[in-house]
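One structure below.
The values are calculated or read from the model by the stated rules, or taken from the named source; none is laboratory data. Quick caveat, the model's predicted, so the values are computed rather than measured. Every residue, glycine as well, gets a Cβ built from its backbone with ideal geometry; the counts of neighbours run over all protein chains shown.
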Amino acid sequence: MLDLRSDTVTQPTLGMRRAIAEAAVGDEQKREDPTVSELQRRVAELLGHEAAVFVPTATMANQIALKLHSRPGDVLLAEETSHVLVYEYGGAAAHAGLITHGLTGVGGRIAPGQIRDAATPSTKIADQRATVLSLENTHNNAGGRVWPLHELEDVVATARELELAVHLDGARLLNAAVALGVGPATFASRFDTVTLCLSKGLGCPLGALLAGSEDLIERAWREKHLFGGAMRQAGIVAAAGVYALDHNVDRLADDHARARRLAETLADAGMAIDLDRVETNFVQVDLAPLGLDRAAALSALRDVGVGLSATILPTVIRAVTHLEITDEDIERAAELIPRALGIDARVATG
């Protein structure tokens, strides 16, 4: 199977497996695991923050952050299709007691005026107050779109003016940094807290980190225990993260280039792809102009050995490149996808 469903499907490389096997370990819950400590230090430095805490998943990191920034009954502002609102199963309400207010975005991005209007409503109901803004970069449901720095600066400045805490769901933040050719701290240092996931483009089997000030991360340790995230000899998985930082960051540019090549070839073959939206490692294909049923299309693709996945949009499917996808795989996908969907590829992939 040529698996383009997500960048979460990868297997650890031999080098990563070796690092896992040879990791120095200790009791992580007692903060005695040297490999976990190294990973936390390196990620905090990478993101321009004082400290970081290692947790099993990016969802846990996001949920901890939201609790740190709020009290039950407060309002969370986020783009309406963001991960914290769509894929975290109401965690903001269940864990932090937050009221969620989704804002309609363009390419996953929201504007300062929207934040101002939502945070300062003309009529307050039961004195509800917005206390935290969560942004996502890159944005999953927008197809891996990247926040332009000037837009991000304006939005964060507005949030600061309104005395909102700002959290960055940066599960794929390194994709954004590589796409713009800037250091991750250029984005991350502007926020109170930042989530970074290890199990997507970085190719780790699991893990994420939450970065912030020393005071916030000290509080995050308590929330981590409450969520059941404290571990023992966690260095065996933290070692994968250290390895990924050394070997799998710069190569994200290869994923982006391959996604671009696949998108251009499929568009030339007559498929509905907005090339302006292909900014990182996601390619979204709209089946509506072809009159194809999404479930049937995905089934036909599986039959020829290509795995794509559905998106939040009812007629859109996606391909996501990752470290196991080669140039040859892109050529093969560009040939098989149109064939499976009944479209003749009119342009050579070479």
*Checking R222 against (1) in contact (Cβ under 8 Å) with a residue 12 or more places away in the chain; (2) more than 22 Å from H139 (Cβ to Cβ), which test does it fail?*
(1)
*Would you tally the residues in region 209-240 being in a loop (DSSP other than H, G, I, E, B) and hydrophobic (A, V, I, L, M, F, W, C)?*
4
_I'd like to know if region 67-77 contains one or more residues that are free of Cβ contacts under 8 Å to residues at least 24 places away in the same chain and either surrounded by 15 or more Cβ atoms within 10 Å (Cβ to Cβ) or not assigned by TED's automatic domain parsing to the domain that holds A319 (or both)._
no
*Would you tally the residues in region 103-129 being over 25 Å from V283 (Cα atoms), among the small types (G, A, S) and either modelled with pLDDT of 95 or more or under 23 Å from the mean Cα position of the chain (by Cα) (or both)?*
1
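Considering V36, V84, V25, which residue is modelled with pLDDT of 95 or more and assigned to a loop (DSSP other than H, G, I, E, B)?
On inspection, the qualifying residue turns out to be V25.
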*Given the conditions (1) crowded, with 17+ Cβ neighbours inside 10 Å; (2) over 22 Å from the mean Cα position of the chain (by Cα); (3) of a type outside the set (S, T, Y), which single one is not true for K30?*
(1)
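Of everything in region 303-322, what is hydrophobic (A, V, I, L, M, F, W, C) and within 16 Å of the chain's Cα centre (by Cα)? Give them in sequence order.
I312, A319, V320
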*Read through the list (1) surrounded by fewer than 22 Cβ atoms within 10 Å (Cβ to Cβ); (2) assigned by TED's automatic domain parsing to the domain that holds R41; (3) touching a helix residue (DSSP H, G or I) at 6+ places or on another chain (Cβ under 8 Å), then give the number of the only condition that R261 fails.*
(2)
*Identify the single condition in (1) in a helix (DSSP H, G or I); (2) touching a residue at least 40 places away in the same chain (Cβ under 8 Å); (3) in contact with a helix residue (DSSP H, G or I) (Cβ under 7 Å, 6 or more places away or on another chain) that E279 does not satisfy, given that it satisfies every other one.*
(1)
*Which of the residues belonging to region 218-232 are more than 12 Å from R31 (Cβ to Cβ) and either surrounded by 18 or more Cβ atoms within 10 Å (Cβ to Cβ) or among the hydrophobic types (A, V, I, L, M, F, W, C) (or both)?*
A220, E223, L226, F227, G229
_Residue that is among the hydroxyl-bearing types (S, T, Y), crowded, with 22+ Cβ neighbours inside 10 Å and touching a strand residue (DSSP E or B) at 6+ places or on another chain (Cβ under 6 Å), where the choices are S199, S134_ = S134
_Cβ pairs under 9 Å, 6+ apart, first in region 253-268 and touching a residue at least 60 places away in the same chain (Cβ under 8 Å), second among the basic types (K, R) and surrounded by 17 or more Cβ atoms within 10 Å (Cβ to Cβ)_ = none
*Taking the condition in contact with a strand residue (DSSP E or B) (Cβ under 6 Å, 6 or more places away or on another chain) and under 30 Å from A93 (Cβ atoms), does R5 pass?*
yes
